[in-house]
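Structure, as structure tokens:
Read the figures in this text as sums done on the coordinates, not as results from a lab. Quantities reported herein were computed from a predicted structural model and do not represent experimental measurements. Ideal geometry is used to build each Cβ from the backbone, glycine not excepted, and the neighbour counts take in all protein chains shown.
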Amino acid sequence: RKEVEQDPGPFNVPEGATVAFNCTYSNSASQSFFWYRQDCRKEPKLLMSVYSSGNEDGRFTAQLNRASQYISLLIRDSKLSDSATYLCVVVYTGRRALTFGSGTRLQVQP
Amino acid sequence: EAQVTQNPRYLITVTGKKLTVTCSQNMNHEYMSWYRQDPGLGLRQIYYSMNVEVTDKGDVPEGYKVSRKEKRNFPLILESPSPNQTSLYFCASNSPGGNTEAFFGQGTRLTVV
């Protein structure tokens, strides 16, 4: 079983739709959580950190459920420019390495 | 401008011919790492370094070497490349602490024939 699992998609949604991605992690000694965005053939870039209380950045909302060991990303009012692969990232206590999920591909259509 | 620079961006080489991919960061980060990205497998860590002269294996270290003689540089060495090392490689750096952003280089697309 992979340490960090994501639905690979693709998620094909119309502009203006709300879409949610989930990510599960297997190691309970997980310290920090992030969502990164990766455009085709480019480097990953930080989208947002995920805090225990949940956090929002404009149209994006991230939530963490430690008891069930999953994190989620909600995108409201999808734009064409949101089309990308979204990577769930977990940092384990004491290791400081980033462990990536395989990514979920989002395609927003006009 | 804060950045991580990798070179080369594209490389086609033959089996067994030693190569080095360079990585340099200008943010004075202690922590640097190398990843490879393959379809369906996501990014997998090859090696990481927590500071100068301190390196350790990641999840897929076989066939790779690294060195960290200076804080800013973290080269990836393939002593005898094989076709299964054909991949997209990323170097990353970040500060210590669990909640810091990692910055990635633009990637090196390596093909071993």
Legend entry - Residues whose placed amide H lies under 5 Å from that of residue B:59, excluding near-sequence neighbours: B:45, B:46
Legend entry - J(HN,Hα) series, the stretch A:56-61, from Karplus relation 6.51 cos²θ - 1.76 cosθ + 1.60, nearest Hz, glycine and proline x: 10, 9, x, 7, 10, 10
Legend entry - C-alpha center-to-center spacing [the stretch B:5-67, the stretch B:69-111] in angstrom: 3
Legend entry - Most mobile listed residue (A:61, A:85, A:24) in chain A, GNM with C-alpha springs under 10 Å: A:61
Inset, instruction - Return, in residue-number order, each cysteine of the protein assembly as shown whose C-beta is not under 4.7 Å from any other cysteine's C-beta. - result: A:40
Inset, instruction - Mind listing the long-range amide H neighbours of residue A:32? Cut-off is under 5 Å, sequence gap 5 or more, other chains count too, H placed in the peptide plane at 1.01 Å from N. - result: A:91
Inset, instruction - Note down the nm distance, to one decimal, between modelled labels 7 Å out along Cα→Cβ at residue A:18 and at residue A:53. - result: 2.2
Inset, instruction - Give me A:40, A:88 ranked fewest to most by other Cβ atoms within 10 Å of their Cβ, as a rough exposure proxy. - result: A:40, A:88
Legend entry - chain A - percent relative contact order, Cα under 8 Å, separation 6 or more: 38
Inset, instruction - Calculate the spin-label point distance for residue A:41 paired with residue B:106, positioning each point 7 Å from the Cα along the beta-carbon direction, and give it in nanometres. - result: 1.2
Inset, instruction - Sum up the lysine pairs in the protein assembly as shown that clear both bars: alpha-carbon distance under 27 Å and a spacing of 8 or more or different chains. - result: 25
Inset, instruction - Give me D for the protein assembly as shown in µm² s⁻¹, whole number, from Stokes-Einstein with Rh from the Kirkwood sum over alpha-carbon pairs, 20 °C and 1.002 mPa s. - result: 119
Legend entry - Relative exposure of B:93, B:82, A:83, judged by other C-beta atoms within 10 Å (fewest first): B:82, A:83, B:93
Inset, instruction - Can you tell me the relative contact order of chain B? Whole percent, Cα pairs under 8 Å, sequence separation 6 or more. - result: 36
Inset, instruction - Identify the residues of the stretch B:15-57 with backbone N under 11 Å of a label point that sits 7 angstrom from the Cα of residue A:2 along the Cα-to-Cβ direction, or state none. - result: B:38-44
